[in-house]
Amino acid sequence: MTRDELKAEMLRHLQYSFGKDPAHAQVRDWRMALSMAVRDRIVEPWFAATRATYSGQHKRVYYLSLEFLIGRLLEDAIVNLGLGQAAREACAALDLDFEAVMTDEPDAALGNGGLGRLAACFLDSLSTLSIPAHGYGIRYEHGLFKQSFHEGRQVEQAEDWLNQPHAWEFERAESSYEIGFWGEVEEKDGRAIWHPGDAVLARAYDTPVIGWQGRWANTLRLWGAKPTKLFDLARFNTGDFTAAAQPEEAARTISRVLYPDDTTDAGRELRLKQEYFFAAASIRDILRRYTSEYDDIRRLPHKVAIQLNDTHPAIAGPELVRILHDEHGLAFDEAVQIASATLNYTNHTLLPEALERWSEGLMRHLLPRHMRLIEQIDDWHARTTKGRTLSAIDQGSVKMGELSFMLANRVNGVSALHTGLMKKTVFAELDRLHPDRIVNQTNGVTPRRWLLACNPGLSGLVTETIGTGWEDDLERLGQLDPHVSDAGFRARFAAVKRANKAHLSDWIGREMGISVDPDAMFDVQIKRIHEYKRQLMNVLDVIATWHAMRGEPGLDWVPRVKIFGGKAAPGYQTAKEIIRLINDVATVVNSDPAIGDRLKVVYPPNYNVSMAERLIPAADLSEQISTAGKEASGTGNMKFALNGAPTIGTLDGANVEIRERVGAGNFFLFGLTAEEAMARREVPDHAGRAIAASPELAQAIAHLERGTFSPGEPDRYRHLAQILRHHDYFLVCSDFAAYHAKQRAVDAVFRDRDAWVAMAARNTARSGWFSSDRTIRSYAAEIWDVTPVEVGPGACVLAS
Ligand SMILES: *Cc1c(COP(=O)(O)O)cnc(C)c1O
């Protein structure tokens with residue numbers, strides 16, 4: 001597609017799809033016109049992919065996830081379709097600022113963090129690998145809350161991405177399912193019939209997901225809740241307008257908000273309703289598609305693989321058993337066998353508070369038939385494994401992890417370390433009964449978004465050095481390795497990083513009014529704010545460094561810009577105190593004349609996918625400092641390494657594998673191992689001992705207690721100080737000295753520019769394994785038993 005064709009298409013859509021006169025069009029109108037012009041190019045490969053799947057009778061993958069953290073789609077589609085140059089030129093010809101058009105798109109934030117972003121990267125890779133697949137989720141009206149700071153404190157506002165037309169979705173009014181809740185179960189002739197007491201409609205909204213070079217497109221199908229009866233006209237006519245609208249309100253509530261917390265379950269009943277609503281609609285849709293093609297329901301596992309992204313969709317298991325047994329009339333044991341040959345479960349956390357449990361009472365009330373089936377599944381498991389009585393039902397609650405495990409063909413962890421710990425801890429007993437069921441699938445990220453699109457400077461250098469082809473074969477980055485010893489290559493690599501930093505420095509100046517020196521080290525920690533991720537340890541290091549700089553202003557300090565980003569769950573008080581502390585420290589440090597440009601603290605509000613795309617290419621140092629044993633994998637760590645930022649980190653999650661691949665010499669390791677951490681917690685007063693042994697730490701905590709950063713309110717950080725001294729479960733104190741010392745080692749290497757650039761370049765060269773294409777190939781082979789569909793010539797419009 002040429003510049004002129006694209007321009008003509010934009011003008012056509014502007015006028016005929018949106019009824020706008022070009023003379024009066026705003027950026028938003030142009031962005032929609034460009035989106036439609038690009039979307040038109042996706043539709044034909046999308047149809048072709050569906051036709052190829054039907055005609056070849058290929059097995060399909062269904063990825064069920066309560067979260068999809070997709071971000072913006074326009075630039076991604078442009079990049080995948082190879083329309084980058086045409087789009088830039090078309091915008092220029094229309095006198096539009098290309099970047100302004102791109103950034104006008106709202107960032108679709110239907111997820112909290114890593115788990116949701118993983119689902120989005122997987123969709124991209126499934127399409128790139130031409131594996132027939134659907135993502136299923138909820139079309140939340142309000143995605144993850146918008147974060148701002150008021151006097152340093154996090155303020156949450158409802159996010160409103162659907163307040164304007166959504167460019168990428170197709171509403172399928174004809175695809176709706178009635179989803180029941182409550183009611184009772186009737187036993188008749190030995191069969192159970194559930195009569196729900198209430199119901200809502202699940203309506204499908206489809207977004208095509210185009211793969212690299214437009215070879216294949218899959219569908220992300222999101223469910224919106226609608227009332228089964230629209231409106232109570234009789235009530236309206238009596239003048240009771242609010243009551244008349246009540247059914248619609250009640251239904252809409254189900255798809256209204258994303259739960260702003262991925263580590264505890266909140267809003268009990270509504271959350272369970274959301275889970276059942278989306279799981280049941282998805283199962284119904286999967287079976288409708290299957291039965292339209294095949295007669296024998298017993299062969300379901302040959303044509304369908306369902307992946308549960310964490311336990312949020314776990315009720316899909318009992319729902320599938322219910323339909324097979326109650327509706328298709330299969331014997332119970334056979335129904336369970338078919339369901340568990342079809343279903344697979346990904347575990348994402350070992351944090352006890354994050355392992356989902358539902359009260360038996362609520363479950364029995366909301367889903368009476370399912371509760372009965374869960375009891376039977378439990379009995380079936382005990383009967384068939386002859387295992388000790390190990391139950392998914394415990395002290396009045398249903399344990400969704402155990403339930404998912406019992407009903408799964410494969411259960412996977414998301415990094416080697418995490419999978420090992422799963423086998424040793426939460427699922428030790430189940431692993432003994434089913435020794436082949438647990439497999440590891442280390443996470444990955446899509447190189448199209450996380451290198452090609454977000455870092456045009458570096459991707460240009462990569463292509464000039466090793467040619468194209470790395471975009472969907474990322475291990476080719478290994479060919480860069482020999483170039484790292486070439487001074488010319490290193491100079492170009494350094495120039496790219498410098499330009500990205502200058503660009504970010506301008507943005508920080510514009511957005512936050514803070515001037516930062518692009519030659520300082522950009523030290524970045526961006527992720528959800530959580531005690532286990534230890535942003536607190538990072539701020540303590542800032543405080544200690546600030547204190548030391550004030551003490552010895554004459555020393556030749558390595559200038560640093562400490563960049564933070566991330567949201568705290570609204571009910572998570574300690575995380576919110578950490579946010580406030582970072583902001584308070586920033587206020588003091590940034591205005592301290594004794595410090596000048598040598599230390600700056602920057603915390604731009606509302607971290608999201610687009611901000612990650614802006615910050616990561618400009619990072620020098622990647623902070624991955626979680627308490628060992630607590631971060632299941634991480635994917636942020638992979639994005640940084642890929643973009644040439646060495647890690648300072650613990651042996652946690654995928655850090656372990658990153659270090660193995662980039663080489664121990666290109667990774668700043670510190671801290672307790674997972675095993676040592678467990679042992680340390682048993683040591684009496686471990687925090688007190690660590691504080692006594694580290695004057696820097698003692699001093700930093702004293703500053704918190706003295707109110708150095710909260711003038712006028714010395715008690716503001718007493719609670720955080722108390723946690724550190726007396727309840728340091730996440731071992732901030734125990735790891736602080738090693739962390740602080742390792743930061744000085746980082747300084748020393750950074751001073752040696754050449755050594756630093758070589759280390760950074762080696763991180764890029766050796767990160768190819770962390771492509772989500774590799775992860776998806778591995779799921780395909782080891783879990784789903786699917787192979788990519790060969791795309792013949794002519795199947796795709798770009799080829800024809
Ligand atoms: C990658 C990503 C995450 C996950 O980051 P971790 O450091 O792995 O926790 C979270 N949020 C956004 C917006 C991301 O892009």
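The single condition among (1) closer than 30 Å to ASP76 by Cα; (2) modelled with pLDDT under 95; (3) not aliphatic (A, V, I, L, M) that SER148 does not meet is (2).
Taking the criterion of being of a type in the set (Asp, Glu) and either more than 13 Å from the ligand (Cβ to nearest atom) or without any contact (Cβ under 8 Å) to a residue 40 or more places away in the chain (or both), the only residue of region 605-642 that qualifies is ASP620.
Looking only at residues that are open to solvent by 10 Å² or more (accessible area, probe 1.4 Å) and either more than 18 Å from LEU536 (Cα to Cα) or aliphatic (A, V, I, L, M) (or both) in region 725-749, which one is nearest to the chain's Cα centre (by Cα)? In this case the residue turns out to be ALA738. Residues that are within 16 Å of the ligand (Cβ to nearest atom), at pLDDT 95 or above and either open to solvent by less than 30 Å² (accessible area, probe 1.4 Å) or within 23 Å of the chain's Cα centre (by Cα) (or both) do not occur anywhere in region 392-399. Filtered by the rule that a residue be within 16 Å of the ligand (Cβ to nearest atom) and either modelled with pLDDT under 95 or aliphatic (A, V, I, L, M) (or both), region 510-536 gives VAL524, ILE526, ILE529, LEU536. Which of the residues that make up region 171-209 are assigned to a loop (DSSP other than H, G, I, E, B) and of a type outside the set (Asp, Glu)? Result: TRP182, GLY183, GLY190, PRO196, GLY197. Exactly one residue out of THR764, THR708 is of a type in the set (Ser, Thr, Tyr) and under 30 Å from SER130 (Cα atoms), and it is THR764. Using the structure shown, decide if GLU790 is more than 27 Å from THR708 (Cβ to Cβ) and in a loop (DSSP other than H, G, I, E, B). It is true that GLU790 is more than 27 Å from THR708 (Cβ to Cβ) and in a loop (DSSP other than H, G, I, E, B). Of all the criteria given as (1) more than 12 Å from the ligand (Cβ to nearest atom); (2) open to solvent by 20 Å² or more (accessible area, probe 1.4 Å), the one not satisfied by LYS562 is (2). State whether the residues of region 129-150 include one that is open to solvent by 10 Å² or more (accessible area, probe 1.4 Å), aromatic (Phe, Trp, Tyr) and assigned by the TED database to the domain that holds TRP216. Within region 129-150, one or more residues are open to solvent by 10 Å² or more (accessible area, probe 1.4 Å), aromatic (Phe, Trp, Tyr) and assigned by the TED database to the domain that holds TRP216. Only one of the listed residues (LEU458, LEU480) is more than 16 Å from the ligand (Cβ to nearest atom), under 27 Å from SER778 (Cα atoms), surrounded by 20 or more Cβ atoms within 10 Å (Cβ to Cβ) and modelled with pLDDT of 95 or more. That residue is LEU480.
Can you find a residue in region 595-604 that is within 16 Å of the ligand (Cβ to nearest atom) and in contact (Cβ under 8 Å) with a residue 40 or more places away in the chain?
Taking every residue of region 595-604 in turn, at least one turns out to be within 16 Å of the ligand (Cβ to nearest atom) and in contact (Cβ under 8 Å) with a residue 40 or more places away in the chain.
The criterion of being more than 31 Å from the chain's Cα centre (by Cα), assigned to a loop (DSSP other than H, G, I, E, B) and of a type in the set (Asp, Glu) holds for ASP715. For region 439-448, the tally of residues that are open to solvent by 10 Å² or more (accessible area, probe 1.4 Å) and either touching a Lys or Arg at 6+ places or on another chain (Cβ under 9 Å) or modelled with pLDDT under 95 (or both) stands at 1. If the condition is being aliphatic (A, V, I, L, M) and farther than 8 Å from ILE70 by Cα, then region 92-119 contributes ALA92, ALA93, LEU94, LEU96, ALA100, VAL101, MET102, LEU115, LEU118, ALA119. Test VAL539 against the criterion of being part of a helix (DSSP H, G or I), open to solvent by less than 20 Å² (accessible area, probe 1.4 Å) and away from the ligand (no atom under 16 Å from the Cβ), and give yes or no. It is true that VAL539 is part of a helix (DSSP H, G or I), open to solvent by less than 20 Å² (accessible area, probe 1.4 Å) and away from the ligand (no atom under 16 Å from the Cβ). On the stretch given as region 419-455, residues that are away from the ligand (no atom under 16 Å from the Cβ) and either within 19 Å of ALA760 (Cα to Cα) or part of a helix (DSSP H, G or I) (or both) total 12.
The values are calculated or read from the model by the stated rules, or taken from the named source; none is laboratory data. The model shown is predicted, which means the values in this text are computed figures rather than measured ones. Quick reminder, even Gly has a Cβ in these numbers, built from the backbone with ideal geometry, and neighbours come from all protein chains shown. For the accessible areas, the whole protein counts, side chains as well, though only heavy atoms, and no ligand, DNA or RNA atoms are used. Shrake-Rupley method; radii C 1.70, N 1.55, O 1.52, S 1.80 Å.
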